[in-house]
Structure formats: structure tokens, C-alpha cells
Amino acid sequence: MVTFWDSAVTKYSKSNLWILFHTAAVLALLVNLSSGLRIATLRRPAIAQIAELLPDGRVHQLHFLGACALTAIACAYLLFRLYTLIRGGFRSLDWKNFDYHRCVIWGGCAVLAVSLASGWLLLSDTAALGSPRELHFAAALGMLLYLFFHGGSYLLQYGRRALLLILRPTRQPGGRLLASAAVATGVVLGGWHFIAGSAQHSLPVLRVSVSTPIHIDGAADETEWTSAQPLTLSTEGGANFANGNTPVTLRALHNTREIYFLISWRDPTESLTHLPLRKTENGWQVQQDGFHRFDETRYYEDKFAVLLSDACDFGAAGTAHLGRKPLDNKPANWHGHGYHYSDSDRIHDLWHWKAVRTNDMYLADDNFIGPPDIRRPGRRRYTAGYRKDGKESGSYVMNWQWYRPDTVIPKRLPRLAEQLARYESAGGDSDWVIPWFDFAPYAAENDDFPEGTLMPSVIYSSNRFEGDRADVRARARWRDGRWTLELARPLDTGSAKDVAIHTGTCLWVSAFDRAQVAHTRHNRPIRLELE
Amino acid sequence: MWRRALLLFAPPACVLLVAILHQQPPPTPVEYHLGKIDRNGEAMGAWSGPWACVCDARTGLLWEVKTDDEGIHHGDWSYSWYREDFGVPNNGDCYFEEERCDTRDLIRRSNRERLCGTDNWRLPASAELQTLLYPQAKEGAPLIDTDYFPKTRRGDYWTRDGEKPLQGVYRHLKHGAVAIDFIAGEQVTIPYRNAAFVRLVADASKACHQLRK
């Protein structure tokens, strides 16, 4: 029996223009779904089960380009429908043939609209809107269902004929069609280039006198801070934050020699218990829940990272490369999230404030992101382009001779048992840093601590780093569910591993809530505007 | 219709299933010319520890590994150059000798404890020590593979090559010994009395022989 749609498929054919736009829409949708699901693996381990099917590398750019294409096609389709509606009136809607396929198509259009709207909202990084990521993810799943119910049902019903109908041109593509395709491609690429180049938050950097003291103490009690214009943006996708989201507020000052940042973010818990050691019946054990694969999200300190770059590309200046093995000839990562590295010789600056390991040094760890490092056979963790600036001396070390997930032998033990009394519970607000000389080298005969004893794992072997790695002064305080961090650095350190700061320098910020790598992120770069 | 449904849905379902079942194995160590040896002379995996010595399969030499345990192999200890009856004794800084330290003290102690199952520890020749220079060292780190040789200081390390004429401001001291500077990777001749670092070496060790096999 030949149905209406059978005859429609055999009798009717699609115009070349329709085929062009439909094919472009399908490709853009597939690019967006695959790149979007890859981005979703950062927060949703279940999606990582199919990570082998998803693209690796700079997927943020791919996702944004696909979104521009899909938005352009959706707008063109909307304009076309409006045009036919105006020209033919409501009768042109053809309500009589409102069957299964039309229902699915209209449903798909609605889901696509939600997907595009939530995606563009995500790009806005607007803190007041909360996080539209959940809605965006739900819409992505809706689009997957749409592909199944729309494309799948056509293929099921008509087989190859349906494919021929949507893919085989009726006649040789004419010059007008090729011109249309070229114009459409130009519009998409031009729009992408324009939006990518202009979609930046602006952070004015207020100029103050060189004689104005700005104390880096986390108190932020200098009156100059109140004159600096704040920028608040939503960062999301981090572990342990409510819905993975925390709004970050930045203010900036400079005195022509140094730049100062005041950054605050919401974090209900002050996390200082950084990989503590607990005495068990088998010996000392590192308290961890993911550290073995370099993705600790429970027993870790709070952190904050600032990335500065002369490039303003999406995906942290183009340094974010997602996937377990985005570099063919380099080691895979343990957590499957990806690597930060530079595709060129360009150096990106990375300041990494750590609530335990650097806060008492009044420093942020001055690091950088450069080209991928060589493979280092003795090192279990490969970090690609993420590396530390050089130092002359000074460091923190972890209080174990060698890390193992079962038990470890500490480097040092307290000289007096009372020194550990204040760490009775892992939730205390004690100082979780051990000064080197307050403890003695480990000796088995001195290790008579009872089971359950908790001991900090971070040892300061000196007060602070010295050298290039100590260029960023930093101090933060936690109060009433917020961290307040002050940072200072010379505008130009002269180091090849630092980025000189000027108007046009872009930065990105990330908060870590007791997480090793699972940080929050935002989409649009912050462009500094120095007065 | 059923055949079409099978063709349409079976391949994607299979691909999904294979993707879910086939998870990437965790990274594993690669072949390398350096190998870790524990305190008793047993070989260890590349990502195991702590280790006390490193065998270099390219040269067959066994090298002492420095520590931060304040024991005799602590990386901060420095030594004056002293061998048998010439050089300058007890002019370096360490905690493990009643007096100050010289190179002979560390050799004696290491042989006595049979570090890594060996008792023929000695100072390396310049050419031997230079085989450890590692130009790909990380920023600000000494020019050595610190993943195998941690606690190495940015400074001079003694070699056994003594009785070398001194130049410049040291000329009046007449003779000194060669050291390798692990900041620039250069060979320098410095007075015996100087406090420099030491990394001992042993050849024909059982541990290294087994590892190379």
C-alpha cells in the first residue's frame, strides 16, 4: 500500500537550496552535539563513558563555530517562515497535514530554540541569570532524541529514498546556489570572527598614585578599592560549588608599575585539609578520593587561578584542549579532562593561589602555559603546557617519602605528640602547614601515634619561593562564605615566562572548591583597560 | 521494515556499546635508560619509590640519589675535596660527622652501609658526571633529570679529577679539582677547600648489571 508520504518522497523533490541548508543544519547540529558532549564530560562522568566517540582538542572553538552556523541557519529558516506567512497568510501553514513528522519537526524547532537561547546565555557569563548549563544540556539531549525521531523515522519509513531526497540535487547546482552557499559561509565565518573578537568583558583598571599603599593582606580595606569599577561574572562547571557555579567579582588598580586585583567569590566552606595523613592499623594513609588519578575533589585545599594572555581566543586563550589524549605523541592524562597548552610558542601567564600551599607565603604560584612539554619517563603525571616558573629556592613539599594509595611513610613527624592535638577533626580551621623545623625526620621508633591520628601533609621548607616563581604577591581571607583575594604583580616583570600587562591583555579566572583540577570557568575573556 | 530497522539502529548501538566497553587503559611507563634501585640493590618500577640509587643503562654506572631526610645522603650537605693524603679535609657542611665533612667521609659512610648493595662507591670522573647533564631540565631546575635525581642543588658537584692548576683569583692556591656546575652544565676547576656538592658513583655493581640484563 502506498501512503501519502511514500508518494510524496517519490513524487516530490527538494530544491538545491533546501538540500544545502538542510545538510548544513545537520552538520552543524552534529558538530555541536559531539563537541558539546565532550565539554559536558568535564562535569558529567557518565558522558565520559562514550568519550572515545567524541572529538578531542580545542572543542570550545568548534562548538562556538557550530553554534554560529546553527544560529544563522535557524534565523534564515525563521525569516523564510515569516516571509511565507506574510505572503500566504495563515492558510499557508497547512494545518490539515499536521501529522507525526510535522509534530516532531515543530518539537525539534522548539528544543533547538531552547538550546540556542541557553547557549547564548551561557556565553554571556551573566551572574544574575544563574547557570543555564542544565537547560542547555537538557536541550542537547532533546536534540539527540529529535535526530532519532525525525531522521530515524524517515529512514525507517523510506530507507535509501529518504537519503536520496535530502542529499541528491535535482539538477546541476547553478551559479546562484553556489553564490548563496558562499555568502552563507561568509556570513557564518564573519559573524564568528566578529563575535569572537568583540565578545569580551571589560575590566577598567583604575590608576592610583605610586605613593598609595595597597597592602596585600586579603582585607581590602583601602579606599581605592571602592573607587574601582567592579566586574561580576558567573563561573560554572566546578566541583563542589552549588550547581557547580560561583559568581566572581573583580576589581583592579594600577600605579604604572604594579597591577593589583581584588577578587572575591562565593564558597560556603573554607577548605584547608589538603590531603591529610591519617594513621591506620597498616600505617599512615593519605586521605584522598581521586588524587591517585590527579582529580581530587574531597581532601583538597581551595584555590583560585588567573590566566593572562595577549590572545583572547575562546577556551582560555585557546589553551584548553579536552580529552584523554589530545596530543597524539604525548602521554594521555589520568582523569580524561584534557590539558592546557599553547599551540604555538606563545606563553600564557598563570597565577595559581592555593589556600594552604601558598597563602601563608603571601604568594600565588607564578606558573605559565606554553607549548607541550617533552615526555618525562620518571613522571607519572604529564601536564602538557602547564608548568611552573623557575625559582632560586624555597618550596613546599608533601609529607610523604613517596606517594602510594595504600600507605605512605611520612618525611617528618612532630617532635611532640601534642602538636597534632589540634587536628582532631578534618574540618577544623587550624593552620594546616607544617614548618620544616617543627617536625623531625621520620624514624620508625618514634612513630607511636595512635590509630586515627590526623597529620597535615604540607611542609614549608622555607617562608616563600625566591625568584621568577615568586613574582605574584597574594593573600586571601575567608569570611562568611566568601573568599577575598588580593593579588599584586609588576606590570612587566621582564621574565620570558610572564606576560607583560597592558590595555588589551585578556584574562580568565577559575575558582576551585577543594578540587585539584575541577575548576569553574567562564566563556568570554576579560579585557583589561588600563587608565 | 524490520531489516531496515536492524540496519538503522544496530550499527550505532554496537558502536555505542563498544565505546562504553572499550575504556582507555591508564598511562604506563615507557622504556628509559635510567632505572631506579632501592636501598638493598633491587630494581624498581619507573613510577615507584622511594629509591636510593639510579642505574644508567647507557653507561652501566650506578649513581647515588640525594634525599631530604637529614641522613648522610641529604642533598644540602656540602664537602671539601679530600682524597687519601691530599686535598683539604673537613671543610664542608653536614650533620652526620662530628667534625665538618669532606668527600672521603661520604665515600666511607656509603661503602660501610653498602648503599644499594655496593661497597665500591667513589667520586665520578668528569666525563662520567657529564653524562648526567640533561638540557631538557625544567625551568629553573638544575641540569639533571630531577624525576630520577631529586634534591639536586643548583651548584658545583665534585669529580675525582684532582691536581688541576687553578686560574684567576685561585691561582695562588696552585691546585684544585674539577667540578661540574649543574646550573650551566660547565666544567670548572675550584680549590679543594671549597664546599661543593657530591654525587657518588659505582661501577660493576650487581644491581646495575641485573637491571641492564
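The values are calculated or read from the model by the stated rules, or taken from the named source; none is laboratory data. Keep in mind that what you see is a predicted model, and the values were worked out from it rather than measured. Using ideal geometry, Cβ is built from the backbone for each residue, glycine included, and neighbour counts are taken over all protein chains shown. What goes into the accessible areas is simple: the full protein's heavy atoms, side chains included, and nothing from ligands, DNA or RNA. Shrake-Rupley method; radii C 1.70, N 1.55, O 1.52, S 1.80 Å.
Restricting attention to the range B:50-59, and to residues there that are of a type outside the set (Val, Ile, Thr) and modelled with pLDDT of 95 or more, which single residue is nearest to the chain's Cα centre (by Cα)? Walk me through it before giving the result.
Step one: list which residues in the range B:50-59 are of a type outside the set (Val, Ile, Thr), which gives B:50-53, B:55-58.
Checking which are modelled with pLDDT of 95 or more leaves us with B:50-53, B:55-56.
Working: B:50: 13, B:51: 10, B:52: 9, B:53: 7, B:55: 9, B:56: 9 Å.
Residue satisfying both the conditions and the ranking: B:53.
Quick test for you: out of A:345, A:349, pick the one residue that is assigned to a loop (DSSP other than H, G, I, E, B) and more than 13 Å from chain B (Cβ to nearest Cβ).
Working: A:349 fails: assigned to a loop (DSSP other than H, G, I, E, B).
Among A:345, A:349, only A:345 is assigned to a loop (DSSP other than H, G, I, E, B) and more than 13 Å from chain B (Cβ to nearest Cβ).
Take the residues in the range B:68-86 that are in a strand (DSSP E or B) and open to solvent by less than 30 Å² (accessible area, probe 1.4 Å), then tell me which one is farthest from the other protein chains (Cβ to nearest Cβ). Break it down stepwise before answering.
Keep residues of the range B:68-86 that are in a strand (DSSP E or B), which gives B:74, B:79-80, B:82-83, B:86.
Narrowing further to those that are open to solvent by less than 30 Å² (accessible area, probe 1.4 Å): B:74, B:79-80.
Values: B:74: 9, B:79: 20, B:80: 23 Å.
Within the range B:68-86, the match that is farthest from the other protein chains (Cβ to nearest Cβ) is B:80.
Tally up the residues in the range B:1-32 that are surrounded by 13 or more Cβ atoms within 10 Å (Cβ to Cβ) and more than 9 Å from every other protein chain (Cβ to nearest Cβ), please.
Within the range B:1-32, residues that are surrounded by 13 or more Cβ atoms within 10 Å (Cβ to Cβ) and more than 9 Å from every other protein chain (Cβ to nearest Cβ) number 0.
Before we move on, is residue A:480 free of Cβ contacts under 8 Å to residues at least 12 places away in the same chain, surrounded by fewer than 17 Cβ atoms within 10 Å (Cβ to Cβ), in the same structural domain as residue A:215 (by TED's automatic domain parsing) and not polar (S, T, N, Q)? Break it down into steps so the answer makes sense when it comes.
Details: free of Cβ contacts under 8 Å to residues at least 12 places away in the same chain: yes; surrounded by fewer than 17 Cβ atoms within 10 Å (Cβ to Cβ): yes; in the same structural domain as residue A:215 (by TED's automatic domain parsing): yes; not polar (S, T, N, Q): yes.
When the stated conditions are applied, residue A:480 passes them.
Can you tell me which condition residue B:139 does not meet? The list is (1) within 14 Å of another protein chain (Cβ to nearest Cβ); (2) surrounded by 17 or more Cβ atoms within 10 Å (Cβ to Cβ); (3) farther than 22 Å from residue A:376 by Cα, and all the others hold.
Of the numbered conditions (1) within 14 Å of another protein chain (Cβ to nearest Cβ); (2) surrounded by 17 or more Cβ atoms within 10 Å (Cβ to Cβ); (3) farther than 22 Å from residue A:376 by Cα, the odd one out for residue B:139 is (3).
What are the pairs, 6+ residues apart or on separate chains, where a residue within the range A:446-469 that is assigned to a helix (DSSP H, G or I) has its Cβ under 6 Å from a residue that is of a type in the set (A, V, I, L, M)?
A:446/A:413
Determine which member of the set A:252, A:242, A:228 is aliphatic (A, V, I, L, M) and either in contact with a Gly (Cβ under 6 Å, 6 or more places away or on another chain) or open to solvent by 20 Å² or more (accessible area, probe 1.4 Å) (or both). If you could, list the steps in order and put the result at the bottom.
Working: A:252 fails: either in contact with a Gly (Cβ under 6 Å, 6 or more places away or on another chain) or open to solvent by 20 Å² or more (accessible area, probe 1.4 Å) (or both); A:228 fails: either in contact with a Gly (Cβ under 6 Å, 6 or more places away or on another chain) or open to solvent by 20 Å² or more (accessible area, probe 1.4 Å) (or both).
Result of the check over A:252, A:242, A:228: A:242.
What residue, among those in the range A:363-400 that are in a loop (DSSP other than H, G, I, E, B) and of a type in the set (Val, Ile, Thr), is farthest from the other protein chains (Cβ to nearest Cβ)?
Kept after step one, since they are in a loop (DSSP other than H, G, I, E, B), are these residues of the range A:363-400: A:370-385, A:389-392, A:394-395, A:399-400.
Next cut, of a type in the set (Val, Ile, Thr) only: A:374, A:383.
Details: A:374: 6, A:383: 11 Å.
If we take residues in the range A:363-400 being in a loop (DSSP other than H, G, I, E, B) and of a type in the set (Val, Ile, Thr), then A:383 is farthest from the other protein chains (Cβ to nearest Cβ).
Take residues that are closer than 19 Å to residue A:303 by Cβ and not assigned by TED's automatic domain parsing to the domain that holds residue A:431 and tell me which of the strands (runs of 3 or more DSSP E) falling wholly in the range A:191-280 contain 3 or more. Please lay out each step first, then the result.
Numbers: elements: A:201-207, A:231-235, A:246-254, A:258-266, A:277-280.
Strands (runs of 3 or more DSSP E) meeting the threshold: A:231-235, A:246-254, A:258-266.
Considering the range A:480-514 alone, what residues qualify as being of a type in the set (A, V, I, L, M, F, W, C) and part of a loop (DSSP other than H, G, I, E, B)? Reasoning before the result, please.
Of the range A:480-514, the ones of a type in the set (A, V, I, L, M, F, W, C) are A:483, A:485, A:487-488, A:491, A:496, A:499-501, A:506-509, A:511-512.
Passing the criteria: A:491, A:496, A:499, A:500, A:501.
I'm trying to understand the selection: among the residues of the range A:281-306, which are surrounded by 23 or more Cβ atoms within 10 Å (Cβ to Cβ) and either at pLDDT below 95 or not in a strand (DSSP E or B) (or both)?
Those that are surrounded by 23 or more Cβ atoms within 10 Å (Cβ to Cβ) and either at pLDDT below 95 or not in a strand (DSSP E or B) (or both): A:296, A:300, A:301, A:302.
Can you give me the number of residues within the range B:89-124 that are open to solvent by 60 Å² or more (accessible area, probe 1.4 Å), part of a helix (DSSP H, G or I) and either more than 25 Å from residue B:44 (Cβ to Cβ) or of a type in the set (Val, Ile, Thr) (or both)?
Qualifying residue count, the range B:89-124: 2.
Mind listing just one residue for me: the one in the range B:148-184 that is in a loop (DSSP other than H, G, I, E, B) and open to solvent by less than 20 Å² (accessible area, probe 1.4 Å) and, of those, farthest from residue A:496 (Cα to Cα)? First the steps, then the outcome.
Step one: list which residues in the range B:148-184 are in a loop (DSSP other than H, G, I, E, B), which gives B:148-155, B:159-163, B:166-167, B:174, B:182-184.
In the following step, the residues that additionally are open to solvent by less than 20 Å² (accessible area, probe 1.4 Å) were identified as B:148-149, B:152, B:155, B:159, B:162, B:166, B:182.
Working: B:148: 27, B:149: 26, B:152: 24, B:155: 23, B:159: 34, B:162: 39, B:166: 36, B:182: 21 Å.
Filtering first and then ranking leaves B:162.
Residue B:134: of a type in the set (Phe, Trp, Tyr) and within 14 Å of chain A (Cβ to nearest Cβ), yes or no? Full working, then the answer.
Values: of a type in the set (Phe, Trp, Tyr): yes; within 14 Å of chain A (Cβ to nearest Cβ): yes.
Yes.
Could you tell me which residue of the range B:33-47 is least open to solvent (accessible area, probe 1.4 Å), considering only residues that are assigned to a loop (DSSP other than H, G, I, E, B) and either more than 7 Å from chain A (Cβ to nearest Cβ) or over 24 Å from residue B:146 (Cβ atoms) (or both)? Lay out the reasoning, then the answer.
Let us first name the residues in the range B:33-47 that are assigned to a loop (DSSP other than H, G, I, E, B), namely B:33, B:38-42, B:45-47.
Adding the requirement that they be either more than 7 Å from chain A (Cβ to nearest Cβ) or over 24 Å from residue B:146 (Cβ atoms) (or both) leaves B:33, B:38-42, B:45.
Details: B:33: 46, B:38: 37, B:39: 115, B:40: 119, B:41: 8, B:42: 105, B:45: 36 Å².
Per the stated criteria, the residue is B:41.
Just the residues that are in contact with a strand residue (DSSP E or B) (Cβ under 7 Å, 6 or more places away or on another chain) and either closer than 24 Å to residue B:130 by Cα or in contact (Cβ under 8 Å) with a residue 24 or more places away in the chain (or both), please, taken from the range B:20-45. Spell out the reasoning first.
We begin by selecting, within the range B:20-45, every residue in contact with a strand residue (DSSP E or B) (Cβ under 7 Å, 6 or more places away or on another chain); these are B:33-38, B:43-44.
Selection gives B:33, B:34, B:35, B:36, B:37, B:38, B:43.
Contact list please: Cβ distance under 6 Å, first residue in the range A:201-214 and touching a residue at least 24 places away in the same chain (Cβ under 8 Å) and of a type in the set (Val, Ile, Thr), second residue surrounded by 10 or more Cβ atoms within 10 Å (Cβ to Cβ) and assigned to a loop (DSSP other than H, G, I, E, B), pairs at least six apart or on different chains.
Going by the 6 Å Cβ cut-off, the qualifying pairs are A:208/A:255; A:210/A:255; A:214/A:222.
Which one is most open to solvent (accessible area, probe 1.4 Å) among residues in the range A:312-336 that are away from every other protein chain (no Cβ under 13 Å) and in a loop (DSSP other than H, G, I, E, B)?
Going through the qualifying residues, I end up with A:328.
The rows are residues; the columns are (1) charged (D, E, K, R); (2) more than 14 Å from every other protein chain (Cβ to nearest Cβ).
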| site | (1), (2) |
| --- | --- |
| A:418 | yes, yes |
| A:435 | no, yes |
| A:440 | no, no |
| A:476 | no, yes |
| A:490 | no, yes |
| A:506 | no, yes |
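Quick one: residue A:309 ticks every box in (1) open to solvent by 40 Å² or more (accessible area, probe 1.4 Å); (2) within 22 Å of the chain's Cα centre (by Cα) bar one, so which box is it?
Here residue A:309 meets the rest and fails (1).
So, in the range A:126-156, exactly how many residues are assigned to a helix (DSSP H, G or I) and either more than 18 Å from residue A:105 (Cα to Cα) or modelled with pLDDT under 85 (or both)?
Of the range A:126-156, the ones assigned to a helix (DSSP H, G or I) are A:127-129, A:133-156.
Still in the list and also either more than 18 Å from residue A:105 (Cα to Cα) or modelled with pLDDT under 85 (or both): A:127-129, A:133-137.
Residues in the range A:126-156 being assigned to a helix (DSSP H, G or I) and either more than 18 Å from residue A:105 (Cα to Cα) or modelled with pLDDT under 85 (or both): 8 in total.
Out of the range B:125-154, which residues are touching a residue at least 60 places away in the same chain (Cβ under 8 Å) and over 24 Å from residue B:46 (Cα atoms)? Show your work before the answer.
Our first condition is that a residue be touching a residue at least 60 places away in the same chain (Cβ under 8 Å); within the range B:125-154, this holds for B:126, B:128-129, B:131-132, B:145, B:148-153.
Hit for the range B:125-154 is B:126, nothing else.
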